[in-house]
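Report on the structure given below.
The values are calculated or read from the model by the stated rules, or taken from the named source; none is laboratory data. What you are looking at is a predicted structure, and each value in this text was computed from that prediction instead of being measured. As a convention, Cβ positions derive from the backbone with ideal geometry for all residues, glycine included, and neighbour counts pool all protein chains shown.
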Amino acid sequence: MLFKLITRRWSFVIILFFTSSIVFGQYLEIIDGQNITNMIGDELSPKWSYDSKSLLFQSNVNGKSNIFIYQFDKDTTLYLSNSSFNFRNPVWHPDGDKIIFDSNIKGADYLYVLDLKTKKVKPLFDRTLNCKNPAFSKSSRQVYFNGWDELTNRWEVYSYDFIYDNLNKLTDSKLGVSDPDINSNGKLIVYGVSNPFSESNNLEIINWYGDKIMLFDDFNARDASWGPLGLKVFFVSSMDGEKNEVYSIWKDGSHLERLTKNNVGEANPVVSPDGSKIAMSVQTEKGWDIIIIPFDDY
């Protein structure tokens, strides 16, 4: 397997090549998990609260997307959407009392904030830019997201700084990128790159300045997310010739590990901030449901 470590400190690029084999440990079994949705429709994009006590997700029914919160201590699901619009890709604001999501409220994709105390919704910032898929680190200073570059007609990774009211484009991809996620210390962003010509999906890591750090181009990988310590990336891949399964790899390209062997559709794996469990979307007889699976060695 091939990993490329890319460093740009002066006027040249150093590319290091090394190999790693897959580690097979005790697999995470769907039958050991808890189905928290069992709803009509497809439940996707789970996101943990910072205290690991709640989970955001979206539900798609007949082309309409709504967002919900599942509360573990109460075993209760709360509906947060407005039935007139699509609410998608929800994430928690680091303050813990707001939800950030993208919606077509004004006819095009844009980022909005929902205050859980006042129930009011407003734009996250003021820019003329189509945007979606927000991501925060533990800091509330910057948000990272996909923005539409009208010059190239591609989705790229952008950041917005709330203190300086500053918008930055961090990538310049020939194919367009998707689903950025930033690690907990706010230093590294992982995102997906789809190649329609080779029908493959790759992952890239950049730093918060936009410098390329790592390329994973041998996994046919998607749905990447950072582990709670910012050392591992979790993702879904079909590289073993089966249905999409969950894997993890360290940010330096070592310690590749396969985590599931369920032979069902799996998507959007995210580990809880306390490291005790993983949430993922799983294809069931009723559609896509969200399953929570504990880690045995926690």
Checking Ser272 against (1) at pLDDT below 95; (2) buried (at least 16 other Cβ atoms within 10 Å of the Cβ): exactly one of these is not met. Which one? (1)
Kindly indicate which of Val270, Val282, Val233, Val246 is free of Cβ contacts under 8 Å to residues at least 60 places away in the same chain, in contact with a strand residue (DSSP E or B) (Cβ under 6 Å, 6 or more places away or on another chain) and part of a strand (DSSP E or B). Val233
Any residue at all in region 77-92 that is among the aromatic types (Phe, Trp, Tyr), out of contact with any strand residue (DSSP E or B) (no Cβ under 6 Å at 6 or more places or on another chain), surrounded by 13 or more Cβ atoms within 10 Å (Cβ to Cβ) and at pLDDT 95 or above? yes
Of all residues in region 140-161, how many are exposed (fewer than 13 other Cβ atoms within 10 Å of the Cβ) and farther than 25 Å from Ser194 by Cβ? 0
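Would you check if Ile189 is among the β-branched types (Val, Ile, Thr), in contact with a His (Cβ under 8 Å, 6 or more places away or on another chain) and assigned to a strand (DSSP E or B)? First the steps, then the outcome.
Values: among the β-branched types (Val, Ile, Thr): yes; in contact with a His (Cβ under 8 Å, 6 or more places away or on another chain): no; assigned to a strand (DSSP E or B): yes.
For Ile189, the condition - among the β-branched types (Val, Ile, Thr), in contact with a His (Cβ under 8 Å, 6 or more places away or on another chain) and assigned to a strand (DSSP E or B) - is not met.
Every residue, every condition in (1) modelled with pLDDT of 90 or more; (2) among the hydroxyl-bearing types (Ser, Thr, Tyr), yes or no:
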site	(1), (2)
Met1	no, no
Leu16	no, no
Asp32	yes, no
Asp42	yes, no
Ser45	yes, yes
Ser54	yes, yes
Ser65	yes, yes
Gln71	yes, no
Does Phe72 satisfy being of a type in the set (Phe, Trp, Tyr) and either touching a strand residue (DSSP E or B) at 6+ places or on another chain (Cβ under 6 Å) or touching a residue at least 60 places away in the same chain (Cβ under 8 Å) (or both)? no
Is there any pair linking a residue in region 87-100 that is on the phi > 0 side of the Ramachandran plot to one that is crowded, with 19+ Cβ neighbours inside 10 Å and part of a strand (DSSP E or B), with Cβ under 8 Å and at least six apart or on different chains, and which? Asn89/Ser45; Asn89/Gln58; Asn89/Phe101; Asn89/Asp102; Asn89/Lys132; Asn89/Asn133; Asn89/Pro134
